[in-house]
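Working notes for the structure below.
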Amino acid sequence: MSEQKESKPSSTAVLKEDETQAVLGWYHWLHGEKQKGIRARLKRCGSLDEVITEQGFLRLNQMLPRLQQYDLIGVALVAGVLAIAKHEDAASLPALLGRAKEGGDKPVFSELRFQRLLASDDEEQLYQNMRRAVIQAGEKANPLALADSLLHWYREHRHPDWFSGNRQWQYQVAKTYYTEVFNYQKGV
């Protein structure tokens, strides 16, 4: 794990304190040397239906009892996407995606791809778009911020009235991405 800095997001939309510790513990367990096979099987999952039958997912799901019953697919999103994120970073995924490509003035994740990510309207589409985003970000992520963001998206799509205005997932992600873009495109 490179750049192991503080991984806890400043505030979480879904995860409670004990759950943040469980997710972080699971993430470090999954990316340990002894779990190569479990991690590889999760990484190969092409759909969330495949993820929910994997040992790595089942371990995480068991560690999050409050989320087991109602957020099963949300937890599957977390397991499947975090399996791809092998490098821990303090920055959130939208910030990593909005950073300038090395030696350039374009973001790591193009605005077109970013807009497709924001437009994800079902779990499978989000799963594929997030996996692509993590790969594009150099397989880096803040595991807690990413887990909470995925669960936030899932909850919001099940209960849109719970998250409105500046609490909306799309707003939070877009604000972070474009703030990063604006940092190096000030003269544009």
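Computed from the coordinates by the stated procedures, all read-outs in this text should not be read as laboratory data. All values reported here derive from a predicted model rather than from experimental measurement. FYI the Cβ positions are ideal-geometry reconstructions off the backbone, even for glycines, and counts take in every protein chain you see.
Values computed for the structure shown
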| read-out | value |
| --- | --- |
| Neighbour-count order for Y27, Y184, fewest beta carbons within 10 angstrom listed first | Y184, Y27 |
| Rounded Å value of the spacing that divides the Cα centres of region 40-107 and region 140-176 | 14 |
| Non-local Lys pairs in the chain, i.e. 8 or more apart or on different chains, that have alpha carbons under 16 Å apart | 14 |
| Longest segment of the chain lacking GluC sites (Glu not before Pro) that sit in a DSSP loop with at most 10 other Cβ atoms within 10 Å | 7-101 |
